[in-house]
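Chemist: One structure, as structure tokens, below. Some questions next.
The values are calculated or read from the model by the stated rules, or taken from the named source; none is laboratory data. These numbers were taken from a predicted model, which means no experiment stands behind them. Virtual Cβ from ideal backbone geometry, glycine too; neighbours counted across all protein chains shown. The area values use the complete protein model at the heavy-atom level, side chains included, leaving out ligands, DNA and RNA. Shrake-Rupley method; radii C 1.70, N 1.55, O 1.52, S 1.80 Å.
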Amino acid sequence: MWSSIYKSPILINITIMDFFEALANAIWSSALLLAFTHDVLGKGEDWWGFINASYFIGAILGGLIVVYLSRILEMKMGYIIALSGLSMGLFTFMFSTTSSGILALIFCLLMGPLYQIRDTCQVTVLQDIIKQSELARVTAARNILLTPWSGVTYLIMGYLGDILGVKFVFILAAALYCGSAILALSSKNLRNYNIKTVTEQESHSIKA
């Protein structure tokens, strides 16, 4: 099952991107976000709840956008993944540098649709390039790599937050989101991916 990952350039790139973004996503853990709310925004726990709620509202809006624009998204999956990741980086940076609670809510609201769209496109690409007979095994192989890493990311970001400050880890996360987007754009196979015109080579790249 490991060779299945190595044989697909798109699958390798997406898996590396997942490593980057898992580390970035650790900033949205309850502990770090609450610390940011207190230390940077100067707000109480109620605003921590507002920030969480604004992101989930944005995620719901993102789901609706995917439903209504699915045909358009299918034609530019690679670009959508890259541009959504880049936008996440920019909005995370703006979130990390603001001291306004209202602006923080707006930035989180805008992040919700972008990440939801990106996540949906990425899952669609993975399901499209992996043969149905291999889907369970390849997914399990990716989870073996990514699940332990997700736990480690909280330790890394928590440690960096303690020694360098919570604002630093949010800026670092913004850079990681942008790095993931750059990786997507630099990969010709992923950048030009079109779900309706998958190349013969890529469609048969995952073999038993």
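Chemist: Looking only at the stretch 45-76, how many residues end up being farther than 28 Å from residue 152 by Cβ, open to solvent by 20 Å² or more (accessible area, probe 1.4 Å) and part of a helix (DSSP H, G or I)?
Modeler: Looking only at that region, the number is 18.
Chemist: Every residue in the stretch 186-208 that is modelled with pLDDT of 80 or more, hydrophobic (A, V, I, L, M, F, W, C) and open to solvent by 60 Å² or more (accessible area, probe 1.4 Å), please.
Modeler: none
Chemist: Among the residues that make up the stretch 77-99, is at least one of them surrounded by fewer than 20 Cβ atoms within 10 Å (Cβ to Cβ), touching a Lys or Arg at 6+ places or on another chain (Cβ under 7 Å) and either in contact (Cβ under 8 Å) with a residue 40 or more places away in the chain or closer than 20 Å to residue 117 by Cα (or both)?
Modeler: There is at least one residue in the stretch 77-99 that is surrounded by fewer than 20 Cβ atoms within 10 Å (Cβ to Cβ), touching a Lys or Arg at 6+ places or on another chain (Cβ under 7 Å) and either in contact (Cβ under 8 Å) with a residue 40 or more places away in the chain or closer than 20 Å to residue 117 by Cα (or both).
Chemist: Considering only residues that are more than 30 Å from residue 77 (Cβ to Cβ) and surrounded by fewer than 19 Cβ atoms within 10 Å (Cβ to Cβ), which ones fall in the stretch 1-32?
Modeler: Within the stretch 1-32, 30, 31 qualify.
Residues are listed down the side, and each one gets a yes or a no for (1) surrounded by 15 or more Cβ atoms within 10 Å (Cβ to Cβ); (2) farther than 30 Å from residue 39 by Cα; (3) touching a residue at least 60 places away in the same chain (Cβ under 8 Å):
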| residue | (1), (2), (3) |
| --- | --- |
| 124 | yes, yes, yes |
| 127 | no, yes, no |
| 142 | yes, yes, yes |
| 152 | no, no, no |
| 161 | yes, no, yes |
| 166 | yes, no, yes |
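Chemist: Name the single residue, out of those in the stretch 101-119 being more than 10 Å from the chain's Cα centre (by Cα) and open to solvent by 50 Å² or more (accessible area, probe 1.4 Å), that is farthest from residue 73 (Cα to Cα).
Modeler: 102
Chemist: Could you please give the count of residues in the stretch 124-164 that are touching an Asp or Glu at 6+ places or on another chain (Cβ under 7 Å) and under 20 Å from residue 22 (Cβ atoms)?
Modeler: Here the count works out to 1.
Chemist: Being within 18 Å of the chain's Cα centre (by Cα) and more than 28 Å from residue 65 (Cα to Cα) narrows it down to one of 145, 126, 155, so name that one.
Modeler: From the options 145, 126, 155, the qualifying one is 145.
Chemist: Here's something else I'd like to know. If residue 42 satisfies all but one of (1) in a helix (DSSP H, G or I); (2) over 27 Å from residue 151 (Cα atoms), what's the number of the condition it fails?
Modeler: If we test residue 42 against (1) in a helix (DSSP H, G or I); (2) over 27 Å from residue 151 (Cα atoms), just (1) comes out false.
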